[in-house]
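Student: Before I ask anything, here is the structure I am working with.
The numbers here are math on the coordinates, done by the rules we state, and not lab data. Small disclaimer: the values here were computed from a predicted structure and weren't measured. Cβ coordinates were reconstructed from backbone atoms using ideal geometry, including for glycine residues, and neighbour counts include every protein chain displayed.
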Amino acid sequence: MNTKTISLDSLSVGDSGFVSKLLSKGELRRRMLDLGLVKGTYVESLMKSPVGGLTAYFISGAVIAIRPEDARYILINKQQ
Amino acid sequence: MKSDTEKLKNSNLTVALAGNPNVGKSTVFNALTGMRQHTGNWAGKTVANASGTFTHKSIDFTLVDIPGTYSLMASSPDEEAAREFICFGQPDCIIVVLDATCLERNLNLALQILEVNKKAVICVNLLDEATKKGIQIDLDELSLYLGVPVVGTAARSGEGLEELKDAVFDVATEKRKVFGTKIKYNSNLEKAVTKLENIIEDSKLFDDKTFSYLSKRFLALRLIDCDKKLDNSIKEYFNFSLIENQTINKAVTKIHEEFETIGLKQDDTRDIIVEGIVAKAREIYAHCTCLCDKCYSRRDRKLDKILTSKLTGIPIMLLLFGIIFYITISGANYPSELLSMAFSKVQEWLYGLFDLLHSPPFLKGLLIDGMFKTLSWVVAVMLPPMAIFFPLFTLLEDFGYLPRVAFNMDRFFAKSGTSGKQSLTMLMGFGCNACGVTGCRIIESPRERIIATVTNNFVPCNGRFPTLIAIITMFFAAGISLPFRSLVSAGLLLTVIVFGVVVTLLVSKLLSATLLKGLPSSFTLELPPYRRPQICKTIVHSLLDRTVFVLLRAMCVAAPAGIVIWLMSNIMINGESLCVIISNFLQPLGSLMGLDGVILLAFILGFPANEIVVPIIIMIYTASGTLVEYDSLSSLYNLFVENGWTWVTALCTMIFSLMHFPCSTTCLTIYKETKSLKWTLLSFILPTILGILLCMAINAVFFWV
Ligand SMILES: Nc1nc2c(ncn2[C@@H]2O[C@H](COP(=O)(O)OP(=O)(O)OP(=O)(O)O)[C@@H](O)[C@H]2O)c(=O)[nH]1
Ligand SMILES: [Mg+2]
């Protein structure tokens, strides 16, 4: 399978991938880890807020919305 | 926080209810204790510990419902409350509630809790929902993995609760041995932890039995992870510090140095810890669950497509609230009139009774004209809309729509430099601003929390709702033929609310740019699965709990207020009543604002509760200081017009109702939450000044036009 590493905020709706690296530090990193976002976690982009910005992702069994400012710091290997 | 945690712990066996947000902890709590903690389908409904009792096999248990949390590395105040209790509440047993439909993530927290204290029972809740989604869970296997009893429940329908109580009994009374489970971390960390664990053990700091339950391994891990907050809590609860202990401190420093030499930084340690937990959770998840249908959330995604899509998301949101307002307004009309008619009958009857008893006119005036009339106005005007609005709103909440509102609206809050969770606190403010302010605990960043607190008042609470509805109906929708009248009223009410939201956003932006400078911090918003609300139960509960509760509170204020106002309008100084004197004094400011002195006075006297603003206005207008025979809005309309109201007066009254100082309860709550006089004062002054300025502007514009 072909993979490409991109940041989570540029993952388009409907696409999915696996976390490859967290670039964030401190608080933000902790919050991401709390949700089970570690290397290898499967993430799928589900939908965008009607006015843009917030995007909802499927992360270990739950639907979690993250702002692009925060999603930028999550690198994922996109599934082709 | 310490006193909070300690208060809840007394003689009997203490059981804590822990878990991720929105997994049904409060529902389990209610089912076991028979109490009625509020529940709702969104993360963050419970923000403070609550305790209740139940008896099983003749042992008394104190059950503590704690806020949901994703991990024990807490961040927001509600999550901190949760962690404090799990670590320092000295529970005899912890019920860890897990969501069966989202077991993988839930296991992360379960593993962390077991790492602290293995005296636990795992309660796999929402089994009914999991079954429907084709998720099968092997509870026995799970129990083997975790080394503690595992019980499957469907708390909402009461399934599995007997088994849960049995298991809790066995664990809390130590009839059943629990083993817990050990998370294996990578070899570097594992070596360090084991070493530190032994050092802590040898320090004999924890020999006292009261805190022997705390696992040394957990403490060692937290020390290696540089968790200062935990050590502070230990100091607070146990009166000693781990870091200040020479040997321990030296060992920790040495570990950090060793990590440094092999290139491990602080964030890396945290990663290794979480990776260990997640890996274990995944392993357990893979072995214990079986998905029969891989796309089990298809229906939710379809609904989300409609409720949050670019095209329909916002219109449907407005429509939904519009419909709720419409049902509230049109449904409340008739019962309101019936109630006022009934009350005026009772009043005649009371007059007769007082005459019969030859009571002095003073007493008659005070009790009937003062107290009874105010009370009956509040009940007649408040009860019907509340009794309709609350259940409808609760249905929406249980369905899981509120987080979608936050999802739809987030962009605007991001632009104002605040948290998207502010929408949730605003939605809570609809019921009561004091609840909205307490709800702000779900916001992690202190800066954003204060902004949400200060601006919560721009959402009209149920005390102001009926006032707005009455004014809209009288002044703006009266000319419209009947079937459409409620429709227009609902539309106008919606406009007022939207205006309140816009003001909230602007003020938030203003605060973000000045007093509370900063960039929005990170936040995550969970969108729970849609759930079919239990319609009958919801209606009964919200009627009994919320409506009656709020109404009683309003009545407690209205009765004495009625007496005070009657006295004020009947105590004469130089031939003028106190009311007249004060309102004359306020008249210049009032008329500048498009109001009059009486309306201003009513808002000031309404400080204890907004519900009584309109009855005060009415009472002062009717010169004798008593309410008119209030039997319909049209007679009220006539009274207002006689006293010089135009539609500009009505508009300004609505604006000022939306934008003035919060009621006394809310102010008190703001002080309790922020522990700062400064922010409490700001919450008081800011909306008042804005309201005054806006009213003046409106008045000026219409004066010149
Ligand atoms: N179908 C079903 N729904 C449930 C069950 N238990 C709880 N719920 C629903 O799940 C939602 C969340 O329940 P709460 O008890 O408020 O959850 P909580 O864990 O206290 O949530 P927070 O206080 O936010 O942490 C509510 O809408 C409940 O009605 C269950 O066993 N089956
Ligand atoms: Mg709860």
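Student: Take the alpha carbon atoms of region B:67-168, find their radius of gyration, then divide it by 2.2 N^0.38 Å using N residues; give the quotient.
Tutor: Cα-based Rg divided by the globular estimate yields 1.05.
Student: Take the Cβ-Cβ distance between B:Leu552 and A:Leu75 as r, set R0 to 45 Å, and report the resulting FRET efficiency rounded to the nearest 0.05.
Tutor: 0.20
Student: Right, next: If each residue's Cβ is checked for other Cβ atoms within 10 Å, how do B:Val168, A:Val19 rank with the fewest at the top?
Tutor: Going from least to most buried by this count: A:Val19, B:Val168.
Student: By a straight-distance test (C-alpha under 25 Å), which lysines pair with B:Lys373 as possible cross-link partners, with residues fewer than eight away in the same chain excluded?
Tutor: Within the straight-line limit of under 25 Å, B:Lys373 reaches these lysines: B:Lys345, B:Lys364.
Student: Under the classification rounded if a/c is under 1.5, otherwise prolate if a/b is larger than b/c and oblate if not, where does region B:494-610 fall, given a ≥ b ≥ c as square roots of the Cα gyration tensor eigenvalues?
Tutor: Verdict is oblate for region B:494-610.
Student: Nearest 5 is fine: what % of DSSP beta bridges in chain B come out antiparallel, could you say?
Tutor: 40
Student: Excluding residues on the same chain fewer than 8 positions from B:Lys57, give the aspartates and glutamates whose Cα lies under 12 Å from its Cα.
Tutor: Within reach: B:Glu162, B:Asp166, B:Asp170.
Student: Let me ask another. Convert each backbone phi in region A:39-56 into a coupling constant with the Karplus relation 6.51 cos²θ - 1.76 cosθ + 1.60 (shift: θ = phi - 60°), then list the ³J(HN,Hα) values in order as whole Hz, x for Gly and Pro.
Tutor: With coefficients 6.51, -1.76 and 1.60, one gets 3, x, 6, 7, 10, 10, 7, 9, 6, 10, 4, x, 9, x, x, 3, 10, 9 Hz.
Student: Here is a further query. Starting from the 7 Å offset along Cα-to-Cβ, what nm value, one decimal, do you get for the label separation of A:Glu44 and B:Arg532?
Tutor: Output for this residue pair reads 2.4 nm.
Student: Going 7 Å from the Cα of B:Ile689 toward and past its Cβ, which residues in region B:432-463 have a backbone nitrogen under 14 Å from where you end up?
Tutor: The answer is none.
Student: With 10 angstrom as the radius, rank B:Arg176, B:Arg404, B:Arg546, A:Arg30 by how many other C-beta atoms surround their C-beta, starting from the fewest.
Tutor: Values: B:Arg176 14, B:Arg404 28, B:Arg546 23, A:Arg30 19.
Least to most surrounded, the residues fall as B:Arg176, A:Arg30, B:Arg546, B:Arg404.
Student: Taking the Cβ-Cβ separation of B:Val701 and B:Leu487 as r and a Förster radius of 35 Å, what is the calculated FRET efficiency to the nearest 0.05?
Tutor: My answer for the efficiency is 0.80.
Student: Considering all projection directions equally, how large on average is the shadow of the alpha-carbon convex hull of region A:3-79, in square nanometres?
Tutor: For region A:3-79, the mean projected area of the Cα convex hull comes to 4.4 nm².
Student: Taking H as built 1.01 Å from N, whose amide H comes closer than 5 Å to the amide H of B:Val151, not counting residues under 5 places away?
Tutor: B:Ile122, B:Cys123, B:Val124
Student: If I model a spin label at A:Phe18 and B:Lys678 as a point 7 Å from the Cα along the Cα→Cβ vector, what separation in nanometres do I get?
Tutor: Those two pseudo-labels are separated by 5.0 nm.
Student: How much of the pair distance distribution for the protein assembly as shown lies past 53 Å, counting alpha-carbon pairs only, in percent?
Tutor: Details: 58785 of 307720 pairs.
Counting every Cα pair in the protein assembly as shown, those more than 53 Å apart make up 19 percent.
Student: Taking +1 at the Cβ of each Lys and Arg and -1 at the Cβ of each Asp and Glu, which of B:Leu142, B:Ile480, B:Ala167 sits farthest along the dipole of the protein assembly as shown towards its positive end, judged by Cα position relative to the Cα centre?
Tutor: B:Leu142
Student: Could you work out how far helix B:77-88 tilts from the main Cα principal axis of chain B, as a 0 to 90 degree angle to the nearest 10?
Tutor: 40
Student: Now for a different question. Which entries of B:Lys133/B:Lys537; B:Lys182/B:Lys235; A:Lys4/A:Lys25; B:Lys175/B:Lys195; B:Lys509/B:Lys675; B:Lys165/B:Lys195 have Cα-Cα distances beyond 29 Å here?
Tutor: Beyond 29 Å: B:Lys175/B:Lys195; B:Lys165/B:Lys195.
Student: Shifting gears a bit: Using the Cα centre as the reference, give the magnitude of the dipole from point charges on the C-beta atoms of chain B (Lys, Arg: +1; Asp, Glu: -1; all else neutral), rounded to the nearest 20 debye. Don't skip to the end; give the middle numbers.
Tutor: Numbers: 65 positive and 63 negative charges, 191 e Å.
The calculation lands at about 920 debye.
Student: Ranked by Cβ crowding within 10 angstrom, fewest neighbours first, how are A:Arg29, B:Arg36 ordered?
Tutor: Details: A:Arg29 20, B:Arg36 14.
Ranking A:Arg29, B:Arg36 by Cβ neighbours within 10 Å, fewest first, gives B:Arg36, A:Arg29.
Student: Could you work out the helix-only [θ] at 222 nm for the protein assembly as shown, with each DSSP H run of four or more residues adding -39,500 (n - 2.57) and the total divided by the number of residues, to the nearest 500 deg cm²/dmol?
Tutor: Estimated from H runs of four or more residues: -18000 deg cm²/dmol.
Student: Using Cα centres only, tell me the gap between region B:47-73 and region A:34-80 in whole Å.
Tutor: Answer, in whole Å: 33.
Student: Here's another thing I want to ask about it. From the square roots a ≥ b ≥ c of the eigenvalues of the alpha-carbon gyration tensor of region B:2-172, which class results: rounded (a/c under 1.5), prolate (a/b over b/c), or oblate?
Tutor: rounded
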